Amino acid sequence: MKITTIGIWGGYPNKNEATSSFLIEEEGFRCLVDCGSGVLAAVQNYTELKDLDAAIISHYHPDHIADIGVLQHAAMVGMQLKEWQTPFPIYAHNRDPEMFAALSYKGVTEGKVIEADQPLQLGPFEVAFCETIHPVYCLAMKFTANGKSVVFTADTEWKDDLIEFSRGADLLVCESNLYEKYRGIIKGHLSGKQAGELAERAGAKQLRLTHLPQYGELGEILEAARSSFSGDTEFAEIGAVYEI
Ligand SMILES: [Zn+2]
């Protein structure tokens, strides 16, 4: 499977970039993982929009859904041009009924419910979920295909359940929004050291850090992650492709 980094920022995008988002592809099936600010423009560096098969959303904060509206416009234009297979499926939880309802738009996109305890068959992927700890209900995701797996933590503070959920992942894409000094002060996110600890305790093979802050010395976050994980650890880099 192939994972492409679309954006790496938490909260809002840096100049000309996008919030944390990834494109995951297997056997020609392409799924966008989160669709926050800047994502719709950025993803077109790697695929034509009409070649997307699905989108999946971890939670309803703007840095994960801000570009859903323009994705819907693209799907509408695509439908009018008879280039898109519509309705285009957008998978998300329905714990916020109003936000979930808004995923379905004029027959061009359709919200599809995901449940924490129900693995989803999505094209060639089996997708499992784990509720995280965040100010709003949020789901981490594990995509498995052909014996390989990638885990996206989405947004979360430390939760032991994520260790078992990430067990043996070939790639762990972990949020690391916090410098160590903000642990316990800023809620709902992980520090670099905690991301490394999660990778270490889960026995993940590779760690990529995402959902980064716009301030401070980012190198400190990477260093902290490397201090607690002995495996391959880098920032997710915009445009980087991981083949697992
Ligand atoms: Zn976020």
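The values are calculated or read from the model by the stated rules, or taken from the named source; none is laboratory data. What you see is a predicted model, and the numbers here were worked out from it, not measured in a lab. FYI the Cβ positions are ideal-geometry reconstructions off the backbone, even for glycines, and counts take in every protein chain you see.
Some observations on this one:
- Of everything in region 55-80 that is more than 13 Å from the chain's Cα centre (by Cα) and small (Gly, Ala, Ser), the residue that is farthest from the ligand (Cβ to nearest atom) is 78.
- Of the residues making up region 29-53, just one is in contact (Cβ under 8 Å) with a residue 60 or more places away in the chain, within 16 Å of the ligand (Cβ to nearest atom) and either at positive phi or part of a loop (DSSP other than H, G, I, E, B) (or both), namely 34.
- Any chance residue 82 is in contact with a Phe, Trp or Tyr (Cβ under 8 Å, 6 or more places away or on another chain), of a type in the set (D, E, K, R) and surrounded by fewer than 19 Cβ atoms within 10 Å (Cβ to Cβ): no
- Selected residue (criterion: modelled with the lowest pLDDT) from residues of region 163-191 that are more than 16 Å from the ligand (Cβ to nearest atom) and outside any loop (DSSP other than H, G, I, E, B): 183
- Subset of region 1-28 (residues that are within 16 Å of the ligand (Cβ to nearest atom) and in contact with a helix residue (DSSP H, G or I) (Cβ under 9 Å, 6 or more places away or on another chain)): 6, 7, 9, 10, 11, 12, 13, 17, 18, 19, 20, 21
- Members of region 116-157 that are in contact with a His (Cβ under 7 Å, 6 or more places away or on another chain) and assigned to a strand (DSSP E or B): 139
- If you check 150, 136, 108, 127 for being in contact with a strand residue (DSSP E or B) (Cβ under 8 Å, 6 or more places away or on another chain) and either within 16 Å of the ligand (Cβ to nearest atom) or farther than 22 Å from residue 4 by Cα (or both), only one passes: 108.
- Filtered by the rule that a residue be outside any helix (DSSP H, G or I) and among the basic types (Lys, Arg), region 193-244 gives 205, 208.
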